[in-house]
Amino acid sequence: MPQKLLIIDDERDILEGLKRLLAFELADVEVTVTSSAREGLERLAHVSFDLILVDIRMPEMSGLEFLAALKKTDPWTTVIMMTAYGSIETAVEAIKGGAYDFITKPFEIPELLRLLRKGLERNQLLRENLHLKRQISDQSVFHNFVGQAPPLMGLYDTIRTLAPTEYTVLIRGQSGTGKELVARAIHGLSRRRNRPFVAVNCPAIPEHLLESELFGHRRGAFTGADRDQAGLFEEAQGSTLLLDEIGDIPVSIQTKLLRVLQEQEIKPLGSNKTKKVDVRILATTNQDLEEKMANRTFREDLFYRLNVVTVRTPSLDEIREDIPLLLDHFARRVSDELSMDPPKRFSIAAVKMLMNRPWPGNVRELQNAVRRAVIFAPGGEIRDMDVQEVEDHFRAAGKAAEHPVQDPFEPYAVAREKVMDRFTQSYLSQLLHRTGGNVTRAAELSGLNRASIQKIMRRMGMRSEDFRP
């Protein structure tokens, strides 16, 4: 594909002369000319050029004004300035404005050709470097995404398209489909990526604390407010704020959130002054917001403010062909966490079984099933019967905990404690066997802290030494 050169000069004789000359001297370069800087900007809105040669002194819009406008939309375009009124001051101003180089009229043809070739070479190196950086950025941002099914490929493209914008995005999907991962990827590819990503789990915060958590408060705003406290909107200044599971936000907070989206300002509790904020809002939900609007538990005006762009995360049922990739990915990750070398892998029969079973909890449920299978299945290969046995064990333990079988003459609390003790002892024993008695790894794997596991071991009369190989 030929490289593209745009020449802008209000002297038509120069334009025509340069076009004829460069068609001969730079045969592999496609040359476009225009006598208007404004027309040049209009062309650049539709066509990408590798190099621009522009005159500084022009009516309507000068070359420096053109350069400033161009750099706002594409700071990487290589621009060479030319003028008949060359001076050190003009050259410095052009270079400071982002020009690559500067040449004065009348110019020597060999000097102009040398400068144009250098500019084209510089542009090619710069674009290649940017392409590599984008690839590296994509790899780091998408490293937690696994899968190549068409719905996922479409999701990746959507994330790349939305990330550079400032639009509010509503991310919808079932539980366990990676909605927060999508939000983090959008932030990671945005211009705000160098600022910390801030997330708030809306259902996890009581209603009477949520307003203060989001917008902050002033000293004395309520009992116990002994100092000023910044909220999450201020913490996310210049960055991205994720409102996770926004469908659970109370209507009273929805009204105040709507003001933030409309006015880009917040009012901390106890304050009579507003503060401007520069925050990009992303929101997730697994709920039917349309139904909640019909029931008047979610404001329509807030919905339309949030729903500028909607992204939908596919369920695991929609990307079943990716289950083998997910199984391998999660098995390797868990094996690495447990220092298993080589990592455990699933047999073909086990993969087929897991591909055919329902996953109402989506990828999160699959990940948990893989974690249990890697921990408790014997041998380096996880067979279908191993998976079934592990799942049956945990299902039975869960049912026993929910519906304990007890002697009718035995107190409920005593019977329940016996069932829980049996489950705890079985679980911890298998866990420590798999970690070789390493309490730290057992804590990481189980989600308990080290002190809790040691306390349970003492209560059960277990010693880590008894599980070491």
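In the stretch 2-13, of all residues being surrounded by 14 or more Cβ atoms within 10 Å (Cβ to Cβ), out of contact with any Lys or Arg (no Cβ under 8 Å at 6 or more places or on another chain) and of a type outside the set (D, E), the one that is nearest to F107 (Cα to Cα) corresponds to I8.
Among the residues of the stretch 335-374, the ones that are surrounded by fewer than 20 Cβ atoms within 10 Å (Cβ to Cβ), touching a residue at least 60 places away in the same chain (Cβ under 8 Å) and part of a helix (DSSP H, G or I) come to 4 in all. Filtering F66, F24 for residues that are among the aromatic types (F, W, Y), crowded, with 21+ Cβ neighbours inside 10 Å and assigned to a helix (DSSP H, G or I) leaves a single hit, F66. Scanning the stretch 211-228 for residues that are in contact (Cβ under 8 Å) with a residue 40 or more places away in the chain and assigned to a helix (DSSP H, G or I) yields E211, S212, L214, F215. Annotation note: of K256, K273, the sole residue that is among the basic types (K, R) and either modelled with pLDDT under 85 or in a loop (DSSP other than H, G, I, E, B) (or both) is K273.
Screening I205 against (1) in contact with a helix residue (DSSP H, G or I) (Cβ under 7 Å, 6 or more places away or on another chain); (2) under 23 Å from V309 (Cα atoms) leaves a single unmet condition, (2).
The conditions of being in a helix (DSSP H, G or I) and within 24 Å of F145 (Cβ to Cβ) are met by E318.
A search for C-beta distances below 8 Å between a residue of the stretch 110-122 that is assigned by TED's automatic domain parsing to the domain that holds I95 and any residue that is part of a helix (DSSP H, G or I) and surrounded by 19 or more Cβ atoms within 10 Å (Cβ to Cβ), counting only pairs 6+ apart in sequence or on different chains, returns L116/L22.
Scanning the stretch 27-40 for residues that are surrounded by fewer than 17 Cβ atoms within 10 Å (Cβ to Cβ) and part of a strand (DSSP E or B) turns up E30, T32.
Within the stretch 127-158, work out how many residues are of a type in the set (S, T, N, Q), more than 14 Å from G188 (Cβ to Cβ) and at pLDDT 75 or above. The total comes to 2. Among residues of the stretch 239-255 that are assigned by TED's automatic domain parsing to the domain that holds R192, those with a beta-carbon under 6 Å from a residue that is of a type in the set (S, T, N, Q) and assigned to a loop (DSSP other than H, G, I, E, B) at least six positions away or on a different chain give the pairs G247/Q287. The residues of the stretch 200-228 that are surrounded by fewer than 19 Cβ atoms within 10 Å (Cβ to Cβ), in contact with an Asp or Glu (Cβ under 7 Å, 6 or more places away or on another chain) and not β-branched (V, I, T), listed by number, are N201, P203, R218, R219. Anything in the stretch 216-233 that is of a type outside the set (A, V, I, L, M), modelled with pLDDT under 90 and within 27 Å of S190 (Cα to Cα)? List them, or say none. Answer for the stretch 216-233, where residues must be of a type outside the set (A, V, I, L, M), modelled with pLDDT under 90 and within 27 Å of S190 (Cα to Cα): G216, G231.
Only one of these is assigned by TED's automatic domain parsing to the domain that holds E128, under 20 Å from L116 (Cα atoms), polar (S, T, N, Q) and within 42 Å of the chain's Cα centre (by Cα): S48, S35. Name it.
Numbers: S35 fails: within 42 Å of the chain's Cα centre (by Cα).
Just a single option satisfies the conditions, and that option is S48.
Within the stretch 293-309, the residues that satisfy the criterion of being without any contact (Cβ under 8 Å) to a residue 60 or more places away in the chain and surrounded by fewer than 17 Cβ atoms within 10 Å (Cβ to Cβ) are M293, A294, N295, R296, T297, E300, D301, Y304. Applying the set (1) closer than 30 Å to F330 by Cα; (2) part of a loop (DSSP other than H, G, I, E, B); (3) touching a strand residue (DSSP E or B) at 6+ places or on another chain (Cβ under 9 Å); (4) hydroxyl-bearing (S, T, Y) to T165 leaves exactly one unmet item: (1).
Can you find even one residue in the stretch 308-328 that is of a type in the set (K, R), at pLDDT 90 or above and out of contact with any Pro (no Cβ under 7 Å at 6 or more places or on another chain)? Yes, the stretch 308-328 contains at least one residue that is of a type in the set (K, R), at pLDDT 90 or above and out of contact with any Pro (no Cβ under 7 Å at 6 or more places or on another chain).
The values are calculated or read from the model by the stated rules, or taken from the named source; none is laboratory data. The shown structure was predicted, so the numbers you read here are calculated from the model rather than taken from an experiment. Cβ coordinates were reconstructed from backbone atoms using ideal geometry, including for glycine residues, and neighbour counts include every protein chain displayed.
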